[in-house]
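Following: one structure in structure tokens, then a few remarks.
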Amino acid sequence: MAGIDTNCQLILHCDGTDASTTFIDSSTAQAAKTVTAVGNAQIDTAQSKFGGASALFDGSGDSLTVPDSTDWDFGTGDFT
């Protein structure tokens with residue numbers, strides 16, 4: 001996919017089937033991350049800015065979790 005390089009460790013487009021709780025990591029990292037929906041977090045096709053779907057969080061205990069990884073050790077240098 002254009003614009004995604006090997007430095008990206010997690011990319012969630014949040015697209016898919018309405019009400020799905022499957023969030024796909026589209027990064028080109030060596031190992032795709034497993035994303036788990038918590039609460040009522042889900043894909044929603046009623047509204048989107050890009051691609052026809054988005055993540056829906058109703059504001060009551062919803063989140064996405066990803067297992068701990070050394071990929072999240074950013075060090076002490078500047079980063080964005």
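The values are calculated or read from the model by the stated rules, or taken from the named source; none is laboratory data. Only a predicted model underlies this, so the values are computations on that prediction, with no experimental measurement involved. Don't worry about glycine lacking a Cβ; one is built from the backbone with ideal geometry, like all the others, and counts go over all protein chains shown. Side chains included, ligands, DNA and RNA excluded: accessible areas come from the protein's heavy atoms. Shrake-Rupley method; radii C 1.70, N 1.55, O 1.52, S 1.80 Å.
Some points to look at:
- Å² of accessible area per residue within the chain, as computed with a 1.4 Å probe and no ligands counted: 71 Å²
- Put a dot 7 Å past the Cα of Ile4, heading toward its Cβ, do the same for Asp18, and the two dots end up 2.6 nm apart.
- Among Asp15, Asp68, Asp44, the residue with the largest mean-square fluctuation in a Gaussian network model of the chain, with springs joining Cα atoms closer than 10 Å, is Asp68.
- Coil-residue chymotrypsin sites (Phe, Trp or Tyr not before Pro) of region 14-80, DSSP, other Cβ within 10 Å capped at 15: Phe50, Phe74, Phe79
- Two-decimal log10 I(q)/I(0) for the chain, as the Debye equation yields it once each C-alpha is a single scatterer, q = 0.11, 0.15, 0.17 Å⁻¹: -0.34, -0.62, -0.77
- Across the chain, C-alpha contacts under 8 Å between residues 6 or more apart give a mean separation that, scaled by the residue count, equals a relative contact order of 26 percent.
- Whole-percent carbon and sulfur share, accessible surface of the chain, 1.4 Å: 50 percent
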